[in-house]
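Right, one structure below, let's go through it.
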Amino acid sequence: MPIDYQNFSKHQPRTCEIRLNRSDTSFGFQTVDPLTSVGMFIQEVYPNSPAANTSLRKCDRIIEIDDDFVDNVPSSTILEKLRTAKSNKHVKLYVVDTETYNYFQENNIQLSSKEYRQSPSAKTLPINSYIIEHEWPKNDCDKSQYRHNDNRSRNHASPRHRLHSVDMNASPESIDNRFLDCYPRQSNSLNTETFVCNEHITTSAIMKSSRLPIHVCKGDLITQQTDVIVVSSSSQRLFNSICKAGGSSVLASYNAKLSKHPEAPIIVVKAVGQLASKRIYFLPLKPSSDTSILCKSIKKFVSNALEKALKQNYQSITFPAIGCGQFRCSVSVIAGAMIREVHRKLKMPDMSVSIIIQPEKADIYDEFQKQIHLLESTLSTDKLRTIFAISEKGIIVVEKGDITMQNVDVIIGSSSSDFLREAIIRAAGNEAQTAYNLELKTHPNSILIATPSGALPCKYIFFVKWEPDSDENVLEQSLVDLIYTVVQNVISHNCTSVAFPAIGCGKHGCSVNIVVKTMVLEMKKHLMTRNLPWTVKFVVEPDQEHIYDEFRKQVLTTQHGKTNSLY
């Protein structure tokens, strides 16, 4: 939850008045009961409906209906009020997004419209500051979206910066090329925009997405009119180039700060001279030929820079394509690590992030474009069909996608599926493979093997020992045990988000209904009885429509066996 609610002013209660015309048959929204059967959430707002013309959004909590406070009344009573309103062709809803609702609850902020407007909290918030968003925001990152310090970043020791001496008259050809950071070519499939930077005119091919505010552009780091440019102090060539453009004061300031704080993870220097940015962030990057170690270094590099920029209230930052092709590691791994980490961190406050690539590096540009498209594909049309079932604090999500791309604390694999296990380990890299093999050799009978995430965006991978069975009772009990084992281990690892693949729904020939129903029901029970503030995802392969539909049905089914209705 937000530490300071004023920093999240776009999340505030809203009043939505919905009226039906003669041709309208419904308001155009669907509801879902909380697992407690008290209160009500908005499950879906359908396009081109009366509800879509208001600020109502999926996963809003209904606080009032026609000025009656309903947050503490049974869900069945709320449904009856909605039926009555539908027959009257008008409803006035007072709603708030779920994140803010939980924050209000935890901090004793009044929920009713009258009391809230008179409260000190309301007076600190700008009127009509809620930004309409197409999707339920930022659950993949769960609570980390409100933390400006990533524990994983702090737990790794930083390689020291180096004290540099630069010949300001040196030619670019004479500068060390060992750690060349790369700069983009234009994509024919993307919009091209022109930016005028004082005397410099840079044509940039920019990849934009409503969900991914990441720009990949052609140009020179020196001429970027951005709040911050990021420089690897391990890259002698790039370091020298930036210091030469900034003049002697940049190098002097860097060396002075480094001498005073030699262990500092970031050296911040004011940009002067020919540099068009406001600040320069110098960070070390530890090279490695090991894929997983290099990925962690890259993620830490990106994470530390973004956290610093957010802390200093900057709104734009530009990275070079750090180390592409220099550490005997594939460009796809480096590009993927950078893009995923930017996406993960940008679930926090808004910031524009650019990645700049040398014009002649067509293969590098294409790979960054590919990685953005891969990530976007998991957030695109299929994700618009995400289904939610919510307890007081927890949330269950069903979506189509790739289990290895999930931005959660834990992803789950199964020992019974060689294909799934190998796919996860292959994507995670050598570190996960080594850890898995060692644990399997040391504890061959272990029910669960936990490994580091390697190159994946999660924190841990749990491989659970599970076997399918033709006996439906045995199958059901095995899934109950599987969910229990996962829950216990997620708790013991202090995690709050987990993603499951559709275990048992592939080549095992198990009853999809039994598998899905058991997994969803058991997870609902744990969320409700333990009051867990978790995000739980069930990730289904894009071509498994029938399995997705089964998960959808089970998640939408209430504890009384009923499904939710459209209003």
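The values are calculated or read from the model by the stated rules, or taken from the named source; none is laboratory data. Worth saying up front: this structure is predicted, and the values here are computed from it rather than measured. Neighbour counts are summed over all protein chains in view; Cβ atoms, including those assigned to glycine, are modelled from backbone coordinates with ideal geometry.
Structure summary
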{"read-out": "Single match in SER241, SER249 (criterion: within 23 Å of ILE298 (Cβ to Cβ), among the small types (Gly, Ala, Ser) and more than 30 Å from the chain's Cα centre (by Cα))", "value": "SER241"}
{"read-out": "Per-region count, segment 319-338, residues more than 22 Å from ILE229 (Cβ to Cβ), touching a helix residue (DSSP H, G or I) at 6+ places or on another chain (Cβ under 7 Å) and either at pLDDT below 65 or charged (D, E, K, R) (or both)", "value": "1"}
{"read-out": "Yes/no for SER497 being among the hydroxyl-bearing types (Ser, Thr, Tyr) and within 25 Å of SER297 (Cα to Cα)", "value": "yes"}
{"read-out": "Positions within segment 405-424 being surrounded by fewer than 23 Cβ atoms within 10 Å (Cβ to Cβ), over 17 Å from MET523 (Cβ atoms) and not aromatic (Phe, Trp, Tyr), in sequence order", "value": "MET405, SER415, SER416, SER417, ASP418, LEU420, ARG421, GLU422, ALA423"}
{"read-out": "Conditions (1) over 22 Å from ILE293 (Cβ atoms); (2) within 23 Å of the chain's Cα centre (by Cα): number failed by ALA432", "value": "(1)"}
{"read-out": "Residue in segment 429-449 that is among the aliphatic types (A, V, I, L, M), crowded, with 17+ Cβ neighbours inside 10 Å, closer than 30 Å to LEU521 by Cα and modelled with pLDDT of 85 or more present", "value": "yes"}
{"read-out": "Filtered residues of segment 253-304 (kept if surrounded by fewer than 16 Cβ atoms within 10 Å (Cβ to Cβ) and among the acidic types (Asp, Glu))", "value": "GLU263"}
{"read-out": "All positions within segment 459-476 that are hydrophobic (A, V, I, L, M, F, W, C) and either under 13 Å from ARG421 (Cβ atoms) or assigned to a loop (DSSP other than H, G, I, E, B) (or both)", "value": "ILE461, PHE462, PHE463, VAL464, TRP466"}
{"read-out": "Where ASP71 falls short, out of the listed (1) at pLDDT 85 or above; (2) more than 32 Å from the chain's Cα centre (by Cα)", "value": "(2)"}
{"read-out": "Looking only at segment 282-301, and only at residues there that are modelled with pLDDT of 85 or more and in a helix (DSSP H, G or I), the one that is nearest to ASN407 (Cα to Cα)", "value": "LYS299"}
{"read-out": "Enumeration of residues in segment 403-412 that are in contact with a Ser or Thr (Cβ under 6 Å, 6 or more places away or on another chain) and in a loop (DSSP other than H, G, I, E, B)", "value": "VAL408, ASP409"}
{"read-out": "Any hit, segment 538-555, residues being among the hydrophobic types (A, V, I, L, M, F, W, C), modelled with pLDDT of 80 or more and within 11 Å of GLY394 (Cα to Cα)", "value": "no"}
{"read-out": "Any hit, segment 477-493, residues being touching a Leu at 6+ places or on another chain (Cβ under 8 Å), in a loop (DSSP other than H, G, I, E, B) and either assigned by TED's automatic domain parsing to the domain that holds THR98 or buried (at least 18 other Cβ atoms within 10 Å of the Cβ) (or both)", "value": "no"}
{"read-out": "Qualifying residue in segment 519-526 (condition: surrounded by fewer than 19 Cβ atoms within 10 Å (Cβ to Cβ) and either assigned to a helix (DSSP H, G or I) or at pLDDT 90 or above (or both))", "value": "yes"}
{"read-out": "Test: residue in segment 253-260 that is aromatic (Phe, Trp, Tyr), over 20 Å from ILE356 (Cβ atoms) and in a helix (DSSP H, G or I)", "value": "yes"}
{"read-out": "Filtered residue count, segment 1-27, keeping only those that are assigned to a loop (DSSP other than H, G, I, E, B) and either of a type in the set (D, E, K, R) or at pLDDT below 85 (or both)", "value": "13"}
{"read-out": "Selection from segment 527-539 of residues that are in contact with a strand residue (DSSP E or B) (Cβ under 7 Å, 6 or more places away or on another chain) and assigned to a loop (DSSP other than H, G, I, E, B)", "value": "TRP534"}
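For (1) farther than 22 Å from SER497 by Cβ; (2) out of contact with any Phe, Trp or Tyr (no Cβ under 9 Å at 6 or more places or on another chain); (3) assigned to a helix (DSSP H, G or I), each residue gets a yes or a no:
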| residue | (1), (2), (3) |
| --- | --- |
| PHE419 | yes, yes, yes |
| ILE425 | no, no, yes |
| TYR436 | no, no, yes |
| LYS441 | yes, yes, yes |
| ILE449 | no, no, no |
| GLY454 | no, yes, no |
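For (1) assigned by TED's automatic domain parsing to the domain that holds LYS345; (2) touching a Ser or Thr at 6+ places or on another chain (Cβ under 7 Å); (3) assigned to a strand (DSSP E or B), each residue gets a yes or a no:
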site	(1), (2), (3)
THR226	yes, yes, no
ILE229	yes, yes, yes
SER241	yes, no, no
VAL269	yes, yes, yes
ILE280	yes, no, yes
SER303	yes, yes, no
LYS308	yes, no, no
CYS324	yes, no, no
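So that you can scan it fast, the table gives a plain yes or no per residue for (1) in a loop (DSSP other than H, G, I, E, B); (2) in the same structural domain as CYS16 (by TED's automatic domain parsing); (3) farther than 19 Å from PHE29 by Cβ; (4) of a type outside the set (S, T, N, Q):
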position: ALA52; (1), (2), (3), (4): no, yes, no, yes
position: SER55; (1), (2), (3), (4): yes, yes, no, no
position: LEU82; (1), (2), (3), (4): no, yes, no, yes
position: VAL95; (1), (2), (3), (4): no, yes, no, yes
position: TYR103; (1), (2), (3), (4): no, yes, yes, yes
position: LEU111; (1), (2), (3), (4): yes, yes, yes, yes
